Amino acid sequence: MIFTEPMQQVVAVVLDHHADAVTKELLRLGLLHFVSITEVDREVGAKVEAVVPALAEAGITEIRRRIEGFFAMVKEKPPTGEDLKVEDLQAVDLDETTRVLDTLAASVQEIRDRQNVRQQEILRLQDIQRQLQMFGNLSEVVEARSQYSFLSVHTGSIRSSLLEPFEQALAEVPNVVMEMGAQDNRTLLLLIAMKRDEGQLDHVLDKFEWTDVHLPRELSGKKEQVREELENKLRLLKDEQEQLRSRAESLVREKLPALEQMWRNLRLNELYARVQSFFSKTARTVIFSGWLPSGKRPVVTEAVRRVTDGQCYLEWHRGREVSREHPASVPVQMHNPRFLSPFQMLVTNYSVPEYGTIDPTPLVAVAYLIMFGLMFGDAGHGAVLILVGALGSILNRDARQGVRDLLRLIAYCGGAAVVAGVLFGSYFGMQWFEPLWFDYHAVVAGHGGGGLVSDIYGILVITIYFGIAVIALGLALNWINCVAKRRWFRLIFDKGGLIGGWIYAAGVYAATYFVRHDYRQLPDANLLIFLIGIPVLILTLKPALEYLLHKPRKPFTLLTPVDFFMEWIVEILEIFSGYLANTLSFMRVAGLGIAHVSLMMAFFSIAGMIGGPSGSFTVGSYLVLIAGNVLVILLEGLSAGIQSLRLNYYEFFSKYFSGSGRAYAPVSLHKTSA
């Protein structure tokens, strides 16, 4: 769990007529992180020919994603890897599959086009509705005909026998038509539309021999009827839209079993093609190579020998041997318990550790939660975070792994805040119980008493010592990594090596001695020479040794010693200034913790100011406290999370972490599709 998983590389040669069976077996196992044979041996790679799968993976992927679009349309998820079985793999006709999908897509698109038309009608009717609301009655609307009005209002008459075809002809123009009476076999009408549709409207009016009639007095009380007519039309259009949407979904749902079957077969063929894309061939054999965890070697060996009847050749290489020559070529698998997955996410978001080095996930979990607790030490606020994280996890069980890890991280941070809150005696900014460690609120307020920590200076000292411990741990991890990777020069001379650690320890001792003697006295000069002078002098050898060991192309000249001297000066400045900045950076833990407490104290003061004359809290006081707690949880929770992450990345990881690895990514049926 502390180191990355040991890996082994297999180079396999099988007869070409076994290639299909081997491909299916490797796909069923889902253990091999394939690499090109050229990456293993350039000479061998130059003598073999790449296997070209019968179907290109990219083409299969494109069609599979089209099917996933139909699943998304009906809010369904495609089958999972658990539903895939190699035995179900069948040849796929991409042209026929495309034809079926095109037919379904055309039917759906036809319905969507009708939906779009109805949506445009709805928007135009809503425009008419908004414009009508600006007038007191319809007489004002008629009288407002001008270039400044957005409405086109007509009052007139047509022959009663033409009324039905007239309304049908107006169907393409969003409008409101109301009958105002009848006279001499003609029906009096009020017609309202938008002015931008006036050209199309005039064409219909001319066709049906529309005659303008002036009816302003009769319109005064008709606005409510027009409004109801508009609402009826809008309701009918929205109902029709909903019916069209349901029809499109029903169309897809009818095809869902067939689409699921297509998706499974396409996914199987896609993975089959991906495996074979790493194969190379000679006249009668197929060669492939890949990485897998060392513990899985017997499984793969037995499986390949079984499907080839023993007619195969397997050559194995240990990851440690390969990584010495090519450190970045070995894939990395981080093996952590499931409950640490949120913290593994934090590590991999920074980078994947180099193969054979320490996996810092468990250490990051401890350091991150301690930092968060010190900055957000309130049991009540922590309980809220636990509730948010737990509810979020329950409601998002089907979400992506990253989302679920983030929600679990929030819950873990809430747990750290609860523990710290109990230690500090803080519950929503109040002291319901006596603190187990020290009263954070009393210390910030200036009356901390004579406990373990009595003033803000004591809080700062705690965070400084915590920072020293984290940096020291980072240095120790760097030494372990250097030994594991046999990087002896770096172990001794690196800023995070033994000499750098020596100087840092000496600096910590000297600073502590100086503080404990009231900032008036440093350690004995002879001791300082041993603690700081000797390692600084040893570092003068580093540039020269690097020059000799690495044999640079640049020739040795009279100015080369000057370069050595300048490199030494820069190295010393970087070590002293860097370690000082790294250590003092942990004061932000105290700063955010103090800010958290200060904000709560401020909200309590505001609540008291607006309270009753006797100092009792009013409804307004409690509203202030509720709003204050919500604000503190949001702002300080986010700040504490970000700063904890920053301290891990820049003050802890920078001491030992080598993020040049690549993640172990086997071709597997159960891996989420891309």
Subject >> Among the residues listed as Leu256, Leu237, the single one being within 33 Å of the chain's Cα centre (by Cα) and either in a helix (DSSP H, G or I) or not assigned by TED's automatic domain parsing to the domain that holds Val92 (or both) >> reply: Leu256
Original post:
Within the set of pairs 6 or more residues apart or between chains, which connect a residue that is of a type in the set (S, T, N, Q) inside the stretch 403-419 to a residue that is crowded, with 18+ Cβ neighbours inside 10 Å with Cβ atoms less than 8 Å apart?
Top reply: none
Original post:
Residues in the stretch 565-575: is at least one under 32 Å from the mean Cα position of the chain (by Cα) and either at pLDDT 85 or above or loosely packed, with under 15 Cβ neighbours inside 10 Å (or both)?
Top reply: no
**OP:** For the stretch 386-395, indicate whether the set of residues that are β-branched (Val, Ile, Thr), in a helix (DSSP H, G or I), surrounded by fewer than 20 Cβ atoms within 10 Å (Cβ to Cβ) and touching a residue at least 24 places away in the same chain (Cβ under 8 Å) is non-empty.
**Re:** yes
Original post:
Of these, Phe493, Phe489, Phe433, which one is under 42 Å from the mean Cα position of the chain (by Cα) and closer than 30 Å to Ser605 by Cβ?
Top reply: Phe433
**OP:** Check whether at least one residue in the stretch 479-493 is aromatic (Phe, Trp, Tyr), farther than 30 Å from Ile594 by Cβ and crowded, with 18+ Cβ neighbours inside 10 Å, and report yes or no.
**Re:** yes
Original post:
Would it be correct to say that Phe652 is in a helix (DSSP H, G or I), within 21 Å of Gly497 (Cβ to Cβ) and in contact (Cβ under 8 Å) with a residue 12 or more places away in the chain?
Top reply: yes
Subject >> Selected residue [in a strand (DSSP E or B) and at pLDDT 65 or above] from Val100, Val108, Val153 >> reply: Val153
**OP:** Kindly indicate whether Arg65 is of a type in the set (Lys, Arg), without any contact (Cβ under 8 Å) to a residue 12 or more places away in the chain and over 25 Å from Met262 (Cβ atoms).
**Re:** no
**OP:** Among the residues of the stretch 400-437, write down those that are more than 19 Å from Ala379 (Cβ to Cβ) and of a type in the set (D, E, K, R).
**Re:** Arg400, Arg404, Asp405, Arg408
**OP:** Run down Leu592, Leu647, Leu669 and say which single residue is buried (at least 17 other Cβ atoms within 10 Å of the Cβ), in contact (Cβ under 8 Å) with a residue 24 or more places away in the chain and within 21 Å of Val384 (Cα to Cα).
**Re:** Leu592
Original post:
Scanning the stretch 609-651 for residues that are out of contact with any Gly (no Cβ under 7 Å at 6 or more places or on another chain) and β-branched (Val, Ile, Thr), which turns out modelled with the lowest pLDDT?
Top reply: Val619
Original post:
Would you say Tyr355 is touching a strand residue (DSSP E or B) at 6+ places or on another chain (Cβ under 7 Å) and in a strand (DSSP E or B)?
Top reply: no
**OP:** Identify the residue in the stretch 432-462 that is modelled with pLDDT of 85 or more and farther than 19 Å from Val589 by Cα and, among all such residues, is surrounded by the most Cβ atoms within 10 Å (Cβ to Cβ).
**Re:** Pro435
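Criterion first (outside any loop (DSSP other than H, G, I, E, B), under 30 Å from Gly295 (Cβ atoms) and of a type outside the set (S, T, N, Q)) does Val117 satisfy it? Explain how you work it out, then say what you get.
Details: outside any loop (DSSP other than H, G, I, E, B): yes; under 30 Å from Gly295 (Cβ atoms): no; of a type outside the set (S, T, N, Q): yes.
No; evaluated as a whole, the condition is false for this residue.
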Subject >> Output for the stretch 366-378, where each listed residue is surrounded by fewer than 22 Cβ atoms within 10 Å (Cβ to Cβ) and in contact (Cβ under 8 Å) with a residue 24 or more places away in the chain >> reply: Leu369, Ile370
Original post:
Val597 passes all but one of (1) more than 30 Å from Ile462 (Cβ to Cβ); (2) of a type outside the set (Gly, Ala, Ser); (3) in contact with a His (Cβ under 7 Å, 6 or more places away or on another chain); which number fails?
Top reply: (1)
Subject >> Count of the stretch 283-327 residues which are under 14 Å from Gly356 (Cα atoms), of a type outside the set (Ser, Thr, Tyr) and part of a helix (DSSP H, G or I) >> reply: 7
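The values are calculated or read from the model by the stated rules, or taken from the named source; none is laboratory data. If you're wondering where the values come from, they're calculated on a predicted model, not measured in any experiment. Cβ coordinates were reconstructed from backbone atoms using ideal geometry, including for glycine residues, and neighbour counts include every protein chain displayed.
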